[in-house]
Amino acid sequence: MEDCIFCKIIKGKIPCFKVYEDDRVLSFADINPISQGHTLIIPKRHAENIWEVTAEEIAAIHTASKKIAHAMKEALKPDGIAFLQLNGRGVNQLVMHYHLHLIPRAAGGPEIPMTNWELKPGDMKVIQETAQKISAAVK
């Protein structure tokens, strides 16, 4: 896609701080990091979201994420790593090219907002009905 910033990075038209690359994916440092070491993994083929990315691309992304997570553990020694993937403008996906965030949390560092929410018991009947609707639609 011509105007996609991530496609431009893949083609070398925009520089990046590369972390990992293979024939299917590219991983690079996020230039607007939530924490030190915040890294993105993207498929080399343009796919906007989970509905467009292939199962093979998802497998390649998660295979790379495991390698990168091990490298983060060794290099940064985080308390944990959040894996975040957003789909659509309604959940604040800003770059419309599928990408997975790896966000390490340093010992004693600030909380990562999306990993810290209050647990509130839900309505079990509504939860069951919703799960059944989704299950019935699985193909």
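What to note about this one:
- Residue check for Asp3: surrounded by fewer than 18 Cβ atoms within 10 Å (Cβ to Cβ), without any contact (Cβ under 8 Å) to a residue 40 or more places away in the chain and either of a type outside the set (Phe, Trp, Tyr) or out of contact with any Leu (no Cβ under 6 Å at 6 or more places or on another chain) (or both): yes
- Which numbered condition Ala55 misses (of (1) among the small types (Gly, Ala, Ser); (2) touching a Phe, Trp or Tyr at 6+ places or on another chain (Cβ under 9 Å); (3) within 28 Å of Glu2 (Cα to Cα)): (2)
- Residues of the range 92-139 that turn out to be touching a Ser or Thr at 6+ places or on another chain (Cβ under 7 Å) and basic (Lys, Arg), as a count: 1
- Within the range 84-103, the set of residues being in a loop (DSSP other than H, G, I, E, B) and out of contact with any Asp or Glu (no Cβ under 8 Å at 6 or more places or on another chain) comprises Gln85, Leu86, Asn87, Gly88, Asn92, Gln93, Leu94, Val95, His99.
- Residues of the range 41-72 classified as surrounded by fewer than 16 Cβ atoms within 10 Å (Cβ to Cβ), assigned to a loop (DSSP other than H, G, I, E, B) and β-branched (Val, Ile, Thr), total: 2
- Residues that are exposed (fewer than 10 other Cβ atoms within 10 Å of the Cβ) and either of a type in the set (S, T, N, Q) or assigned to a loop (DSSP other than H, G, I, E, B) (or both), drawn from the range 104-115: Ala107, Gly108, Glu111
- The range 6-25, residues that are charged (D, E, K, R) and either within 18 Å of Ala64 (Cα to Cα) or surrounded by 14 or more Cβ atoms within 10 Å (Cβ to Cβ) (or both): Lys8, Lys18, Glu21, Asp22, Asp23, Arg24
- Filtered by the rule that a residue be at pLDDT 90 or above and either within 21 Å of the chain's Cα centre (by Cα) or outside any helix (DSSP H, G or I) (or both), the range 122-138 gives a lone residue, Val138.
The values are calculated or read from the model by the stated rules, or taken from the named source; none is laboratory data. Predicted model only: the values in this text are computed from it and were never measured. We place every Cβ from the backbone using ideal geometry, glycine too, and count neighbours over all the protein chains shown.
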